[in-house]
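A.B. asks: Here it is, the structure in full.
The values are calculated or read from the model by the stated rules, or taken from the named source; none is laboratory data. Just so we're clear, the structure is a prediction, and the values are computed from it rather than from any experiment. Don't worry about glycine lacking a Cβ; one is built from the backbone with ideal geometry, like all the others, and counts go over all protein chains shown. Just the protein is used for accessible areas: all its heavy atoms, side chains included, with ligands, DNA and RNA removed. Shrake-Rupley method; radii C 1.70, N 1.55, O 1.52, S 1.80 Å.
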Amino acid sequence: MPDRPRHRNQPHGRPRADDGNVLVFGIHAVEAALANPHRRLRKLYLTDNAENRLRAALSGRQIAHESVLPRDLDRRLGADTVHQGALLETEPLPEPALESLAERASLRPLLVLDQVTDPHNVGAILRSAAVFGASGLVMTRRHSPPLDGALAKSASGALEHVPVALVQNLARGLAELKELGFTLIGLDGEASDRLEEIAWPERTALVLGAEGKGLRQLTRDTCDQLCRIATED
């Protein structure tokens, strides 16, 4: 971060960060990132209104920032991006290993996503995971949205609280989870068993399928059990 705030300037270029950094925007997402000691921050851009809304978070982290106008962030992120006047360039969060998630998972389910590609859906899942105390989230490196931008804003701060592990191959990742003592329960709307009626093992991984397509066949075959979430008739 710079040692002191600079004068008004326009961030240039496409909605991306340089040198492997990621972009986090939106008041709640930036506020949570500022409060996360594991976040290594690089640059912070705020409008006057956003600075006022984030005053407490800024005071707690002692972060210098660059003052910008809303149109400056529109140029950087795109006119349709709801940035709320706050943009943070930061290094990606450290990636936990599956073993470390297993240590957190006693009676706290782990969530696994099978090619869920919509960042808003993943953000909503992260919000739910934070509320219900899930031990973490597992996604594939490919066929998953990046852990910044729209996903971080949709997660509304939950990305800072729910550890996310990225695996190269989901089938191998699921096999590793089994070796770590997890029971894999796939969510399937056509399954006969109801999720709320099963006995929960000490280490449980809930596997969620992609939008519309659901679980892939190999993923279904790898799960120990398929369940549905009951809905009102």
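A.B. asks: For region 22-77, name all the residues that are among the small types (Gly, Ala, Ser) and buried (at least 21 other Cβ atoms within 10 Å of the Cβ).
C.D. replies: Once the filter is applied, which keeps residues that are among the small types (Gly, Ala, Ser) and buried (at least 21 other Cβ atoms within 10 Å of the Cβ), region 22-77 yields 26, 29, 32, 33, 50.
A.B. asks: Select from region 2-21 the residues that are under 17 Å from residue 92 (Cβ atoms), at pLDDT below 80 and surrounded by fewer than 17 Cβ atoms within 10 Å (Cβ to Cβ) and list them in ascending order.
C.D. replies: 16, 18, 19
A.B. asks: Tell me, yes or no, whether region 117-139 has at least one residue that is of a type in the set (Val, Ile, Thr), assigned to a loop (DSSP other than H, G, I, E, B), at pLDDT below 95 and surrounded by fewer than 21 Cβ atoms within 10 Å (Cβ to Cβ).
C.D. replies: Looking through region 117-139, at least one residue is of a type in the set (Val, Ile, Thr), assigned to a loop (DSSP other than H, G, I, E, B), at pLDDT below 95 and surrounded by fewer than 21 Cβ atoms within 10 Å (Cβ to Cβ).
A.B. asks: Quick check on my filter: what residues within region 161-170 are touching a helix residue (DSSP H, G or I) at 6+ places or on another chain (Cβ under 6 Å) and open to solvent by 30 Å² or more (accessible area, probe 1.4 Å)?
C.D. replies: 161
A.B. asks: Note down all Cβ pairs under 8 Å where the first residue falls in region 192-210 and is in contact (Cβ under 8 Å) with a residue 60 or more places away in the chain and open to solvent by 40 Å² or more (accessible area, probe 1.4 Å), the second is of a type in the set (Ser, Thr, Tyr) and not in a loop (DSSP other than H, G, I, E, B), and they're at least six residues apart or on different chains.
C.D. replies: 203/183
A.B. asks: Identify, from the list 151, 174, the residue that is under 18 Å from residue 222 (Cβ atoms), open to solvent by less than 30 Å² (accessible area, probe 1.4 Å) and either in contact (Cβ under 8 Å) with a residue 12 or more places away in the chain or in a strand (DSSP E or B) (or both).
C.D. replies: Within the list 151, 174, the selection yields 174.
A.B. asks: Still on this structure, I have one more. Check region 81-93 and report whether any residue there is in contact with a helix residue (DSSP H, G or I) (Cβ under 7 Å, 6 or more places away or on another chain), surrounded by 16 or more Cβ atoms within 10 Å (Cβ to Cβ), within 27 Å of residue 173 (Cβ to Cβ) and in contact (Cβ under 8 Å) with a residue 60 or more places away in the chain.
C.D. replies: Looking for residues that are in contact with a helix residue (DSSP H, G or I) (Cβ under 7 Å, 6 or more places away or on another chain), surrounded by 16 or more Cβ atoms within 10 Å (Cβ to Cβ), within 27 Å of residue 173 (Cβ to Cβ) and in contact (Cβ under 8 Å) with a residue 60 or more places away in the chain, one finds at least one in region 81-93, hence yes.
A.B. asks: If I go through region 211-224 residue by residue, how many of them are open to solvent by less than 60 Å² (accessible area, probe 1.4 Å) and closer than 23 Å to residue 98 by Cα?
C.D. replies: 4
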